[in-house]
Amino acid sequence: MSNKVTKAIFPVAGLGTRFLPATKSVPKEIMTLVDRPLIQYAIDEAREAGIEEFIFVTSRGKSALEDYFDNSPALEAELRKKGKTDLLDILGQTDMDSGAIAYIRQHQALGLGHAVWCARRLIGDEPFAVLLPDDVIAADRSCLRQMIEAYENTGGNMVATMAVAPNKISSYGVLDVEEDHGSVVRARGMVEKPDADKAPSNLAVIGRYILRPSVMSHLETIKAGSGGEIQLTDAIAKDTENGEGTFGYRFRGQRFDCGSKSGFLQATVAFGLAREELQDDLRQFLYDVMHLDRAGE
Ligand code: G1P
């Protein structure tokens, strides 16, 4: 079994109900931060980390997502005719190698763990990454790349982690910490969405994982957990219980919860401010809004 991580699973089957009515016809992963769909941020992060095979677990109503990764010959010809090389370059950045993307359908919404399990035949006997596109992470060095570098020393399973406030902890998978070495934490287990007073730590699992293939086998046998769903957290906990090392990695970067409206808006502002051509106008606008707000107090 090779230890190199070259395959990544992107669970994109969710209904995106928090973004209704938009998600009636637009998959959540196609919603844009500035001018790039959410999914593009996750793909770029994975590419920077050396991922070569991209496995999307989709569901009904996600065809716009599949179309997004197709070439667009008519559009490209039109841009070429008009000499718009800058736009052609932007399009080129989204090109994927033929055969690099695979789509698997999750036929029933049985949870994140089940979605990951749907990709088992494409993963085989190799370690693999999972990226949840809702978690967008702005970082100089991509979060998954940081993790893969750390994983070269630790092996085992690794999840991205960060401290969250006590009133938020029950929305996450939470690490039960055995040893804290700073950027790397060894976990003795993890719990999905515990009650705040029962959370084993304040370290939440953020949507980046490097997992052993044995986690797939546990996904096959574990029972439904939190919310009546097959939970990825439970399969990792089981693997840990069976003696596999499991680590949390405190990444360097800023994470936005784009599964919530507030997180999505914050990410929009942050990515807008990071763009040279937008920052002056946007900063001025934010300043004016704040100023008016205060004047009204
Ligand atoms: C999922 C995982 C959870 C993790 C979270 C990170 O939960 O099940 O363990 O902490 O993503 O965003 P969800 O947000 O899908 O409920």
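Checked against (1) modelled with pLDDT of 90 or more; (2) within 27 Å of Gly227 (Cα to Cα), Arg60 passes all but a single condition, namely (1). Scanning the stretch 87-110 for residues that are among the hydroxyl-bearing types (Ser, Thr, Tyr), over 13 Å from Gln40 (Cβ atoms) and in contact (Cβ under 8 Å) with a residue 12 or more places away in the chain yields a single hit, Tyr103.
Total residues in the stretch 44-68 satisfying the condition of being in a helix (DSSP H, G or I) and in contact (Cβ under 8 Å) with a residue 12 or more places away in the chain: the figure is 8. Of the helices (runs of 4 or more DSSP H) lying entirely inside the stretch 207-297, those carrying at least 1 residues that are open to solvent by 30 Å² or more (accessible area, probe 1.4 Å), within 13 Å of the ligand (Cβ to nearest atom) and under 22 Å from Ala8 (Cβ atoms) are 232-241. Can you tell me which residue is farthest from the ligand (Cβ to nearest atom) among those in the stretch 130-161 that are surrounded by fewer than 21 Cβ atoms within 10 Å (Cβ to Cβ) and either part of a strand (DSSP E or B) or charged (D, E, K, R) (or both)? Per the criteria, the residue is Glu152. Might you let me know whether the stretch 64-84 holds any residue that is under 15 Å from the mean Cα position of the chain (by Cα) and not charged (D, E, K, R)? Checked against the condition, which is being under 15 Å from the mean Cα position of the chain (by Cα) and not charged (D, E, K, R), the stretch 64-84 yields no hits at all. Quick one: in the stretch 162-197, of everything that is closer than 19 Å to Glu241 by Cα and out of contact with any helix residue (DSSP H, G or I) (no Cβ under 9 Å at 6 or more places or on another chain), which residue is farthest from the ligand (Cβ to nearest atom)? It comes out as Glu179.
The values are calculated or read from the model by the stated rules, or taken from the named source; none is laboratory data. Worth saying up front: this structure is predicted, and the values here are computed from it rather than measured. FYI the Cβ positions are ideal-geometry reconstructions off the backbone, even for glycines, and counts take in every protein chain you see. Ligands, DNA and RNA are stripped out before the accessible areas are found, and what is left, the full protein with its side chains, is counted by its heavy atoms. Shrake-Rupley method; radii C 1.70, N 1.55, O 1.52, S 1.80 Å.
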